[in-house]
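Quick note: the coordinates plus some simple rules give every number you see, no bench work behind them. Small disclaimer: the values here were computed from a predicted structure and weren't measured. Note that we place each Cβ from the backbone using ideal geometry, even for glycine, and neighbour counts take in every protein chain shown.
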Amino acid sequence: MLFQELGKLKRGMIMSSVVMMAAGILMLICPERYVSVLVGAAGYGLLVLAAVMGFEFLSSKRVLINYVYLTGALLVGILGAAVLFYRNDVLRVLGLLFGIYLLVEGLSELFNTWRYARRAQRKGWWIQILLSLLLLLAGLVVLTNPWWDTPGALMKAIGGMMLFSSAVSIVHVIMIWPFKNM
């Protein structure tokens, strides 16, 4: 039972990284003239997700966790509306949030690698340290925005960093995972 749940967790982590890779590739291949269309689609997608989550609440039992999900749905709906109202500033905010995310993920992966993989004497732990440091550097690059000033260039930079981050995440999951047969 426990091993089945751990297997589901591993598959879920890898699948979320694959979805992030797909989003990164989409951001990389999107021409600059369609950036506003992509941002609008993201806003409408968030509104649809909020509506689906709200309908799930209506059809569920009224227990505490479902009210927490409803609160999350309302926050997703507000975020979707904010994306639609402030389309021009969304990419700058996304760059800021994604830069902070990369810094936090890089620090977390660095800590986990140093603490667990090195002590377990896993092969290639130094590669994970290097990848974690590269994630930290990528976060700093996205936060400082030294080379791009147009929304299209910023979206391509965020897409590339998202692609790199998800690939590093998959490598970390595979290399740190404690059980070989899952």
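Here are the numbers for this structure:
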| read-out | value |
| --- | --- |
| Backbone HN-Hα couplings from phi across segment 158-170 [Karplus 6.51/-1.76/1.60, Hz, Gly and Pro as x] | 5, x, x, 5, 5, 4, 5, 4, 5, 5, 5, 4, 5 |
| Under Karplus coefficients 6.51, -1.76 and 1.60, residue-wise ³J(HN,Hα) of segment 64-77 in Hz, glycine/proline x | 4, 5, 5, 5, 5, 5, 5, 4, x, 5, 5, 5, 5, x |
| Normalised contact order of segment 38-182, rounded percent, pairs of Cα under 8 Å and 6 or more residues apart | 23 percent |
| Cross-link reach list, aspartates and glutamates versus K123, counting only Cα pairs under 18 Å and skipping chain neighbours closer than eight places | E109 |
| Exposure proxy order (Cβ contacts within 10 Å, fewest to most) of F57, F111 | F111, F57 |
| Derived scalar couplings ³J(HN,Hα) [segment 50-55; Karplus, 6.51 cos²θ - 1.76 cosθ + 1.60; whole Hz; x for Gly, Pro] | 5, 5, 4, 5, x, 5 |
| Kirkwood hydrodynamic radius of the chain, Cα pairs, Å | 18.4 Å |
